[in-house]
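Heads up: the structure comes next, in structure tokens.
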Amino acid sequence: MARILTFLGKGGVGRTTIAIAAAKRFAAQGKRVLLAFQEPEAAVGILLGEVPGVEPQALAPNFFVVQFQASALLERSWEEVKKLEAQYLRTPFFKEVFGQELGVLPGMDNALVLNALREYDASGQYDVIVYDGAGDQATLRLFGMPEILSWYTRRFRKVFADSDLGKTVTPFLQPLASAVLNVSWTDDLFNQPAAKQATNILEQGRQALADPNRVAAYLVTTEEPAAIATATYLWGAAQQVGLTVGGVILNRAHDSAAVAQTFAPLAVTPIPTQAVDDWQPLIDALPDLEQASQAPRPIAINVAERKVSLFLPGFDKKQVKLTQSGPEITIEAGDQRRNILLPPELSGRPVTGAKFQDSFLIISF
């Protein structure tokens, strides 16, 4: 398993340059690094000295680079879908549709990139994956996808199972499925081999996101007010999807005092303007990117005190909305919504109080 790092911030603050420097630093430490780009930019080729391709290529010892292209990822994923179809269906029909024909629909990009990151992580070939994406809400939705899809799975599974439709059609599914599937079928639609495999993948993604030693983000900003405001908002939004923010990189600055209070308790590391042809000073100026576990965690559950605490920097209480539905609570902050599945000790208990204090939303049961 690899450590996955990404960088968040307003466009033009130097996220790509910081990502490259971070990858170079890890490689120099002897770690096997994959630097993955999503946004195709001509500047990347100039900064690296070589335009990255759709397959990982070595640029230096321990240092590999890849460019994610949605069309290529879709084509590759489609072949995997066809293999699964052939495994489970007696008469596959997707075999007549070719990956080269498929167009990329809106929203596919993030799902394809997340799956590619998962595959590279599972390959065991890399110790660190540095992902340079859009660095905005799109990146956060990408990392939050396992949690969101898990919610849809468990919520609609129960809704279907308890519905008259589910109770009516379920007895007929097994004989019908036996006629077309190569595998045995149980009465539970969501407990079939393919569904269980998908559920396991989502659970692995959720566990990785919850562990700052596995997945973390760093904010990149300059002293420009708009850049600081964007970084602050993305900090809170990252917490909402469960992504730990490990620190702040203040680019093109010599002193962090001006913004230290804004991002407290995160450590702010100033990075002076560097010459474009000399990477070493920038590499040396970077903070320790393996200390994200010391940053405030997005969520903490205290069963003994019957409290759930969420760290939501960048928001005030007017921007936060709390609702409860069955065993889960839903938190809305900004443009992000998070569903929290409570542990058995708190599940079913009504919310008795909530307060917003020092950027923490503290919920009592």
Practice task
Please verify whether the stretch 124-133 includes one or more residues that are in a helix (DSSP H, G or I) and either closer than 21 Å to residue 241 by Cα or without any contact (Cβ under 8 Å) to a residue 24 or more places away in the chain (or both).
Solution key: no
Practice task
Check whether at least one residue in the stretch 57-72 is hydrophobic (A, V, I, L, M, F, W, C) and in a loop (DSSP other than H, G, I, E, B), and report yes or no.
Solution key: yes
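Table: residues versus (1) among the hydrophobic types (A, V, I, L, M, F, W, C); (2) modelled with pLDDT of 85 or more; (3) loosely packed, with under 14 Cβ neighbours inside 10 Å; (4) over 30 Å from residue 129 (Cα atoms).
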{"residue": "286", "(1), (2), (3), (4)": "yes, yes, no, no"}
{"residue": "289", "(1), (2), (3), (4)": "yes, yes, no, no"}
{"residue": "306", "(1), (2), (3), (4)": "no, yes, no, yes"}
{"residue": "311", "(1), (2), (3), (4)": "yes, yes, no, no"}
{"residue": "319", "(1), (2), (3), (4)": "no, yes, yes, yes"}
{"residue": "323", "(1), (2), (3), (4)": "no, yes, yes, yes"}
{"residue": "330", "(1), (2), (3), (4)": "no, yes, no, yes"}
{"residue": "336", "(1), (2), (3), (4)": "no, no, no, no"}
{"residue": "344", "(1), (2), (3), (4)": "no, yes, yes, yes"}
Exercise for the section: Scan the stretch 36-57 and give yes if some residue there is closer than 24 Å to residue 291 by Cα, at pLDDT 90 or above and touching a helix residue (DSSP H, G or I) at 6+ places or on another chain (Cβ under 9 Å), otherwise no. Expected result: yes
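Can you name the residue in the stretch 25-55 that is part of a helix (DSSP H, G or I) and farther than 24 Å from residue 211 by Cα and is also most open to solvent (accessible area, probe 1.4 Å) among such residues? Steps first, please.
Start the filter on the stretch 25-55 by keeping residues that are part of a helix (DSSP H, G or I), which leaves 25-28, 42-48.
Narrowing the set further to residues that are farther than 24 Å from residue 211 by Cα leaves 28, 42-48.
Numbers: 28: 89, 42: 86, 43: 48, 44: 2, 45: 14, 46: 139, 47: 52, 48: 32 Å².
Of everything passing the filter in the stretch 25-55, 46 is most open to solvent (accessible area, probe 1.4 Å).
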Practice task
Of all residues in the stretch 354-365, count the ones that are under 15 Å from residue 323 (Cβ atoms) and touching a strand residue (DSSP E or B) at 6+ places or on another chain (Cβ under 7 Å).
Solution key: 3
Problem - All positions within the stretch 58-79 that are surrounded by fewer than 14 Cβ atoms within 10 Å (Cβ to Cβ) and either of a type in the set (Phe, Trp, Tyr) or without any contact (Cβ under 8 Å) to a residue 24 or more places away in the chain (or both) - result: 58, 79
Completion exercise
Of the conditions (1) of a type outside the set (A, V, I, L, M, F, W, C); (2) open to solvent by less than 50 Å² (accessible area, probe 1.4 Å); (3) under 21 Å from the mean Cα position of the chain (by Cα), the single one that residue 82 does not satisfy is (3)
Completion exercise
Residue pairs within 9 Å by beta carbon, gap of at least six or interchain, first lying in the stretch 290-317 and at positive phi, second at pLDDT below 90 and surrounded by fewer than 14 Cβ atoms within 10 Å (Cβ to Cβ), listed first then second, are 306/349
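The values are calculated or read from the model by the stated rules, or taken from the named source; none is laboratory data. None of the values given here were measured: they were computed from a predicted structure. Quick reminder, even Gly has a Cβ in these numbers, built from the backbone with ideal geometry, and neighbours come from all protein chains shown. All accessible areas refer to the heavy atoms of the entire protein, side chains included, with ligands and DNA or RNA removed. Shrake-Rupley method; radii C 1.70, N 1.55, O 1.52, S 1.80 Å.
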